[in-house]
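Read the structure below first, then the notes.
We did not get these values from a lab; they are worked out from the coordinates using the rules stated. Just so we're clear, the structure is a prediction, and the values are computed from it rather than from any experiment. Counting neighbours? That spans all protein chains shown, and the Cβs are built from the backbone with ideal geometry, glycine included.
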Amino acid sequence: MKFFVDTAEIGAIAELNDLGMVDGVTTNPSLIKKSGRDIIEVTKEICDLVDGPVSAEVTATDADTMIAEGRKLVEIAENIAVKVPLTWDGLKACKTLTDDGHMVNVTLCFSANQALLAAKAGATFISPFIGRLDDINLDGMELIEDIRTIYDNYGFETQILAASIRSVNHVLDSARIGADVITAPPAVIKAMVNHPLTDKGLDAFLADIKAAEIKIL
Ligand code: E4P
């Protein structure tokens, strides 16, 4: 399973990247706003840091302008994936940009039928939003399962990029189902290391190290 980090914060990306935890990055207009940076500048900086795909989202809602924006975004670096919304115009832009040979991430996916359309339009990644479905009492994981089944039924190569991940359990469930990629905020990825029995066990070992004066260096 690939790990993308869902942020435009350079420091957080660099910290995880140094540990080999970053296979790519996703950004969106809200994350760019939060960074307080210019979209082109910050995206270039991320692309210089990370080898894998870096999703940068268009701002337009009509296909022609999305395509023009996408063509500008891909000039930033070779590893740009143009992120377009799951609308009819977004699908048109997806088809054109993938036909041009660019990676496209179709975002804001909330149904399996939408995911089917994105795959037909040649999307490199489909981003189903788990957390936002859970927020309205729907089952985000069920959507990941449905898309996995449908893509496998027909051999679609579009990668399932489980997005809007809010908890470590979302990561675990996505891995169980077989999502190709998860994108999660740095805090969620870092929280995966936590286990109370690890802390308890380490405390006991440290007490014995002190009591027995065990030294290696
Ligand atoms: C994915 O590409 C989105 O940027 C992100 O996962 C959305 O997450 P949110 O619903 O927590 O804002």
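Key figures
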| quantity | calculated |
| --- | --- |
| Spacing of the two label points (7 Å from each Cα toward its C-beta) at residue 34 and residue 190, in nm | 1.3 nm |
| All lysines inside 16 Å of residue 200 as judged from Cα atoms, apart from same-chain residues fewer than 8 positions distant | 210 |
| Computed over region 165-215, the ratio Rg/Rh where both radii use C-alpha atoms and Rh is Kirkwood | 1.25 |
| Peptides ranked, highest mean first, by Cβ atoms within 10 Å: ranges 120-132, 51-63 | 120-132, 51-63 |
| Members of 72/190; 33/92; 34/72; 2/120; 33/120 lying beyond 30 Å, as alpha-carbon distances in this model show | 72/190; 33/120 |
| Dimensionless Rg over Rh [region 2-192; C-alpha; Kirkwood] | 0.94 |
| Region 88-145 and region 37-82: distance between their alpha carbon centers, rounded to Å | 18 Å |
| By average C-beta atoms within 10 angstrom, highest first, the peptides 185-193, 202-210 | 185-193, 202-210 |
